[in-house]
Amino acid sequence: MRVVIIGAGMGGLTLAQALRGAGIDAVVHERDQAVESTGGYRLHLDERACQVLRRHLAPGHYQALLASSAGPTAFSRFAVADHRMRLLFQEPRDARSETLMIGRIPLRRLLAHGLGQALRLGSEYTGYRANPGGTLTVSFAGGRTEEADLLVGADGVGSRVAAALAGRPTSAPVGVSGIAARTPLTSDMRPLVPALLAPGPALAFGPGGTGLFLSLHDPGSRSMVDPAACAEVAPIIEEPALIWGLLAPDRTFPGRPRELGGAELIRLTDRLLGGWSTPVRTLVRAADPATAAFFGFHAVPADTDLTPWPAGTVTALGDAVHAMPPTGGMAAATAIRDADVLARELIQVRDGTSTIPLAVHRFQTRMAGYAPAAVRLSVRPLSWVNRLATPLGTQAARLALPALASATRLGRTLAGARDA
Ligand SMILES: Cc1cc2nc3c(=O)[nH]c(=O)nc-3n(C[C@H](O)[C@H](O)[C@H](O)COP(=O)(O)OP(=O)(O)OC[C@H]3O[C@@H](n4cnc5c(N)ncnc54)[C@H](O)[C@@H]3O)c2cc1C
């Protein structure tokens, strides 16, 4: 059995590691030219995602992941604050559970570790055709082709593989966009960091429906495993930084924000944060322009059949099928869970106790059981941004957010605390 995976994101790389670890022939095609040529800030992996990685990676490999991540003490609570950084609501987290808070680039590099020739970089998928014998011919830009028994689209938001299967795009914009960046925690910036960030990230709401996600990222000082003890696979430790992400309804952003450079995005964020806490604005202004980016958030529409195609020899996982915004901290963990579920089904095919279409059917059915809840939880904070964007909403937020938060379990939603 030969499995061709499109996309070396978190889902595609985990699937490749799991299948190859089980002796199944699998290759990943990624359009990026290098593993580190990607964006992203910090991903949160819940206990279940950690279990999956522990199961499918060699012990020394998993150990390097732990050594590259901040552990659960960096996320012992999630806070909701106002724009003056006054704590409105907090939700404690289990500081003993194994969770990872890891930079997206280190995670991608570590998940790619050891794949060698099975990872084909600079290889952009363009389409496939089914052959009479049941195999597939998969095509790539430049005219190259590859034969497969199973094609898996792990090609993220805007997936070509999933759109071809569904006959339509599998996600849509949610009407809220963001600007994110990293501010290096130099000695003059550290004292400005709001004290409420010490036990974990926060989401602050301000006038006009503007939200600001804030998180300290310092894996070097808070990792669970000593990086010096990693002999087999070298850990990747990022420099300490404040990670921030502005959220606002699309109509808030003037002109064409996608075309702005890093310095202009930081200036725009500072303008949109007029009236916010002065230290926070100083931190935002000190961000590294090379890390600033604009994101339009997408999600699979509510109550959509995630896989509206008969199970066969082509399927898709992760954001390709169930795109969700990063506001729940669940997208990467859900893609990793998908990879695990599909890999376990394919191991039965390897053992002769299942077939590829049966494995795909069982995978798609199980994914439909947990992924929609993760999407719902991730989208909910964005509906709050939209609601608070009205003058009435701003007033209500100031007066009643703590009560609203506990009444609607907002804090839990924002933290992405609950496993789907
Ligand atoms: C640049 C970037 C930055 C991100 N930053 C963050 C962040 O800071 N925080 C956060 O919570 N989430 C972030 N995300 C989203 C997060 O990585 C995903 O939601 C989550 O990891 C789900 O992973 P996935 O494997 O389904 O998709 P992804 O991780 O998005 O991976 C999809 C991969 O498919 C590749 N691909 C797409 N089309 C093709 C094609 N035609 N041929 C070959 N390869 C293709 C893409 O280049 C990408 O590497 C980011 C995603 C991207 C792409």
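Collect the residues in region 118-158 that are more than 23 Å from the chain's Cα centre (by Cα), surrounded by fewer than 18 Cβ atoms within 10 Å (Cβ to Cβ) and part of a strand (DSSP E or B), keeping them in residue-number order. Scanning region 118-158 gives Thr126, Gly127, Arg129, Ala130, Thr137, Ser139, Thr145, Glu147. Take region 168-177 and flag every residue that is surrounded by fewer than 24 Cβ atoms within 10 Å (Cβ to Cβ) and either part of a loop (DSSP other than H, G, I, E, B) or out of contact with any helix residue (DSSP H, G or I) (no Cβ under 7 Å at 6 or more places or on another chain) (or both). Hits for region 168-177 are Arg168, Pro169, Ala172, Pro173. Just to verify a result, which residue in region 278-311, among those that are touching an Asp or Glu at 6+ places or on another chain (Cβ under 9 Å) and among the small types (Gly, Ala, Ser), is nearest to Gly167 (Cα to Cα)? Checking each candidate, the answer is Gly296. Checked against (1) surrounded by fewer than 19 Cβ atoms within 10 Å (Cβ to Cβ); (2) more than 16 Å from Thr14 (Cα to Cα), Phe75 meets all criteria but (1).
State whether the residues of region 119-131 include one that is modelled with pLDDT under 95 and either of a type in the set (D, E, K, R) or in contact with a helix residue (DSSP H, G or I) (Cβ under 7 Å, 6 or more places away or on another chain) (or both). No: region 119-131 contains no residue that is modelled with pLDDT under 95 and either of a type in the set (D, E, K, R) or in contact with a helix residue (DSSP H, G or I) (Cβ under 7 Å, 6 or more places away or on another chain) (or both).
Note on region 1-67: enclosed helices (runs of 4 or more DSSP H) holding 3 or more residues that are within 15 Å of the ligand (Cβ to nearest atom) and either of a type outside the set (Ser, Thr, Tyr) or touching a helix residue (DSSP H, G or I) at 6+ places or on another chain (Cβ under 8 Å) (or both) are 10-21, 47-56.
For region 56-70, the condition holds for at least one residue, the condition being that it is without any contact (Cβ under 8 Å) to a residue 24 or more places away in the chain, surrounded by fewer than 22 Cβ atoms within 10 Å (Cβ to Cβ) and either closer than 16 Å to Ile336 by Cβ or touching a strand residue (DSSP E or B) at 6+ places or on another chain (Cβ under 6 Å) (or both). No other residue among Val284, Val321 is under 18 Å from Pro201 (Cα atoms) and crowded, with 22+ Cβ neighbours inside 10 Å apart from Val284. The helices (runs of 4 or more DSSP H) located wholly in region 204-309 that include 1 or more residues which are at pLDDT 95 or above and of a type in the set (Lys, Arg) occupy 262-272, 278-285.
The residues listed here are Val321, Val314; of these, the one that is in contact with a strand residue (DSSP E or B) (Cβ under 7 Å, 6 or more places away or on another chain) and either β-branched (Val, Ile, Thr) or within 16 Å of the ligand (Cβ to nearest atom) (or both) is Val314.
The values are calculated or read from the model by the stated rules, or taken from the named source; none is laboratory data. Fair warning: this is a prediction, and the values are worked out from it, not measured in the lab. Cβ atoms come from the backbone with ideal geometry, glycine included; neighbour counts cover every protein chain shown.
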